[in-house]
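Okay, structure first, notes after.
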Amino acid sequence: MTNKTESSDHFKHFCGVAGIISDYEVNIPEMLFYPLFALQHRGQESCGISYKRHGRVTTYKHLGMVSSVLSHYLKEQHPSFLGIGHVRYSTHGGNKLENAQPVFASTNKGEIALAHNGNISNSEAIRTRLMDEGSIVQSTSDTELMLHLIARSRKKDIVDALVETFNQCEGAYSLVIMHEDTLIAVRDPHGFRPLVYGKKDGMTAFTSETCALDVLDIPFVRELEPGEMMLRNRSGSTTVQFAKSTRKSQCMFELIYFSRPDSFHFGVSVHQARKKLGELIAEAEDIDCDIVCPVPDSGNIAAIGYSVAAGKPFDLGLTRNHYTGRTFIQPIPEQREFNVRMKLHPIAAAIKGKKVMLIDDSLVRGTTSQTIVKMLRDAGAKEIHLRLSSPEIKSPCYFGIDIPTREELISNRLTPSQIASHIGADSVRFLGIDSLKRCVSNPGDFCYSCFTGSYPFDIKDPAKRRKN
Ligand code: SF4
């Protein structure tokens, strides 16, 4: 499982969601704990659940990881039929309890709890309009805005109100919604973020990734289609295709890095896609290395693919401490090298005197790579060649991923050979975008905007991204 902390030089995901409905009473809070724990890599700042019991909705959310915030539910009994949950990552100043999810409100359409993975790219325009019209907005998250739109809709029927809301929202939203006794799951018309569902013995679960179904031993049925809304209650399930078909823009970075490797979505196994990326890097290689080493864990699977395709031995030149909690992680530049050293350490016996092909998934600021290369060099590596299983990242994401500013992105300032000099490597190469497209059989169904700067639609609020 990939673990993204502030010490890593990686993109940050905003969220993961889960929703469960059962034909018979089960301990829903306990059942939500496990999929949220499995989705922890999608957000580590806060988490929460909403569940319905005796006709009342209870919401509990707090800052912190699932294992600390929600573990008390493992010892308690709250038999119920329905619940949703959320894990959230936040950035600068956004790490506040009021932004934690699910969000809940009593509205003229009944009680609604909502959990969201994604980012509404026109949220500023919506926020301004709502506030001009007198709405009191309490958080900086897009999700609250969606709740306002649902509540303010003049449509009486919840499905009509939701469709009206979605017609006003642009961007990425994979949602689980609890409305009265119904669980509703929604995927935006572009399908930026994954959303899957599974069924077992009268129970239906919707989760961001299949790894969260697996932990409950609930068999995967299928992904929700882009623009699909599925409603499930004790009378059965219905599906509404609420948006006209549009070009799919599934996030390529879910396959490159974000999703857990044991998950399956966008029609592919994440593990297989990453292995293929490694093979594709090896295909264009002209440097003869002694060993292929991943930057653990983000480069592990691509390194295996590279090693097999290149016929070069795979070895672990770096070991990773998996117990680096957040306590001592201080994201200030002076501590960066120390933080990397707390997490990764070279294995001199594996790399001394060797030409090392170092594989990682992406280069954002280049700061972590600089420290890693120095550590490998100090431990005796003869040559270090860094290969990235993604193209150069040059543009922001408006669809649910926190990417630094254009100025901070190293590929906007330096060419690959300049990056090599900057980080102290013998060479640096990125996977070409044409090669990247070959890791899936349906490349036209994916988003590549952070590489190309070309977006699936006109972004109306480019300067003011909001985090969910
Ligand atoms: S811009 Fe990049 S990170 Fe954002 S959805 Fe597209 S591929 Fe994913």
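The values are calculated or read from the model by the stated rules, or taken from the named source; none is laboratory data. Just so we're clear, the structure is a prediction, and the values are computed from it rather than from any experiment. Ideal geometry is used to build each Cβ from the backbone, glycine not excepted, and the neighbour counts take in all protein chains shown.
Contact list please: Cβ distance under 9 Å, first residue in the stretch 159-185 and within 18 Å of ASP142 (Cα to Cα) and touching a residue at least 40 places away in the same chain (Cβ under 8 Å), second residue more than 16 Å from the ligand (Cβ to nearest atom) and of a type in the set (Asp, Glu), pairs at least six apart or on different chains. Correct list of pairs: MET178/GLU111; ALA185/GLU228. Only helices (runs of 4 or more DSSP H) whose full extent lies in the stretch 382-461 are considered here, and the ones with at least 1 residues that are within 12 Å of the ligand (Cβ to nearest atom) are 433-436, 449-452. Taking the criterion of being assigned to a loop (DSSP other than H, G, I, E, B) and either at pLDDT below 85 or over 17 Å from the mean Cα position of the chain (by Cα) (or both), the residues of the stretch 90-101 that qualify are SER90, THR91, HIS92, GLY93, GLY94, ASN95, LYS96.
Among the residues of the stretch 347-365, those that are crowded, with 21+ Cβ neighbours inside 10 Å and either of a type in the set (Gly, Ala, Ser) or not in a loop (DSSP other than H, G, I, E, B) (or both) comprise ILE351, VAL356, MET357, LEU358, ILE359, ASP360, SER362. Assess whether LYS244 counts as being out of contact with any strand residue (DSSP E or B) (no Cβ under 6 Å at 6 or more places or on another chain), within 16 Å of the ligand (Cβ to nearest atom) and of a type outside the set (Asp, Glu). No, not satisfied.
Assess whether ALA243 counts as being aliphatic (A, V, I, L, M), buried (at least 16 other Cβ atoms within 10 Å of the Cβ) and at pLDDT below 95. Spelling it out, ALA243 is indeed aliphatic (A, V, I, L, M), buried (at least 16 other Cβ atoms within 10 Å of the Cβ) and at pLDDT below 95. For ARG274, the criteria (1) outside any helix (DSSP H, G or I); (2) farther than 25 Å from LYS374 by Cβ hold in every case but one, which is (1).
Looking across the stretch 253-272, the residues that are in contact (Cβ under 8 Å) with a residue 24 or more places away in the chain, in contact with a Pro (Cβ under 9 Å, 6 or more places away or on another chain) and either within 16 Å of the ligand (Cβ to nearest atom) or under 25 Å from MET203 (Cβ atoms) (or both) come down to GLU254, SER259, SER263, HIS265, PHE266.
Figure legend. Inter-residue proximity from the stretch 113-126: first residues closer than 21 Å to GLU209 by Cβ, second residues part of a loop (DSSP other than H, G, I, E, B) and small (Gly, Ala, Ser), beta-carbon distance below 8 Å, spacing 6+ or different chains. Indicated pairs: HIS116/SER141; ASN117/SER208; ASN117/GLY400; GLY118/GLY400; ASN119/GLY400. Taking the conditions (1) more than 26 Å from ASN119 (Cβ to Cβ); (2) loosely packed, with under 15 Cβ neighbours inside 10 Å; (3) charged (D, E, K, R) in turn, GLU407 satisfies each one other than (1).
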